[in-house]
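Worksheet: the structure to be examined is printed underneath.
The values are calculated or read from the model by the stated rules, or taken from the named source; none is laboratory data. Quantities reported herein were computed from a predicted structural model and do not represent experimental measurements. Don't worry about glycine lacking a Cβ; one is built from the backbone with ideal geometry, like all the others, and counts go over all protein chains shown. Keep in mind that these areas ignore ligands, DNA and RNA; they rest on the heavy atoms of the full protein, side chains included. Shrake-Rupley method; radii C 1.70, N 1.55, O 1.52, S 1.80 Å.
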Amino acid sequence: KVDGDWRLPMFQFTERGRVPGIEQVIPRLREGLHPVSVARWFIARNPDLTVDENEENAMSPREWLRTGHDPRVVAALAADL
């Protein structure tokens, strides 16, 4: 909360609400991570998140979740941050 108002990171939301599966990922993040680092991690391409083994087609954790891929994959990566 800032001055009584909630400030929520935009990476957690789409035009339709919460990013699907994000509720499985957030709890896996280690306590004490800087919020900016977390936001950058969610929006940066990750070579471990590819559908076709081509690193050029790597997705960000946010994109992976938005496109309906298994949130457990992102949750496992989040636990290693």
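Placing one identical point scatterer on every Cα of the chain and ignoring solvent, what is log10 I(q)/I(0) from the Debye formula at q = 0.20, 0.24 Å⁻¹?
Normalising to I(0) and taking log10 leaves -0.90, -1.24.
Modelling each spin label as a point 7 Å along the Cα-to-Cβ direction, I'd like the ARG40/THR67 distance in nm, to one decimal.
If labels sit at ARG40 and THR67, their model points lie 2.4 nm apart.
Can you give the local net charge around ALA78? Use residues other than it whose beta-carbon is closer than 11 angstrom to its beta-carbon, Lys and Arg +1, Asp and Glu -1.
Values: positive: ARG28, ARG30, ARG72; negative: ASP80.
Summing Lys and Arg as +1 and Asp and Glu as -1 gives +2.
For PHE13, which sequence-distant residues (separation of 5 or more, or a different chain) have an amide H within less than 5 Å of its own amide H, given hydrogens modelled in the peptide plane?
When sequence neighbours closer than 5 places are left aside, the close amide H contacts are VAL19.
Can you compute the helix-only [θ] at 222 nm over the chain? Use -39500 (n - 2.57) per DSSP H run of at least 4 residues, normalise by all residues, nearest 500 deg cm²/dmol.
-8500 deg cm²/dmol
How much area per residue is accessible in the chain when the probe is 1.4 Å and only protein heavy atoms are counted (Å²)? The partial results should precede the final answer.
Values: 5850 Å² over 81 residues.
On a per-residue basis, 72 Å².
With every protein chain kept in the model, how would you rank ILE26, ILE43 by accessible area, 1.4 Å probe, largest at the top? Don't skip to the answer; put the middle values down first.
Working: ILE26 65, ILE43 110 Å².
Result, largest first: ILE43, ILE26.
Counting Lys and Arg as +1 and Asp and Glu as -1, what is the net charge of the other residues whose Cβ lies under 15 Å from the Cβ of GLU15? Can you show the working numbers first?
Values: positive: ARG16, ARG18, ARG62, ARG66; negative: GLU63.
That works out to +3.
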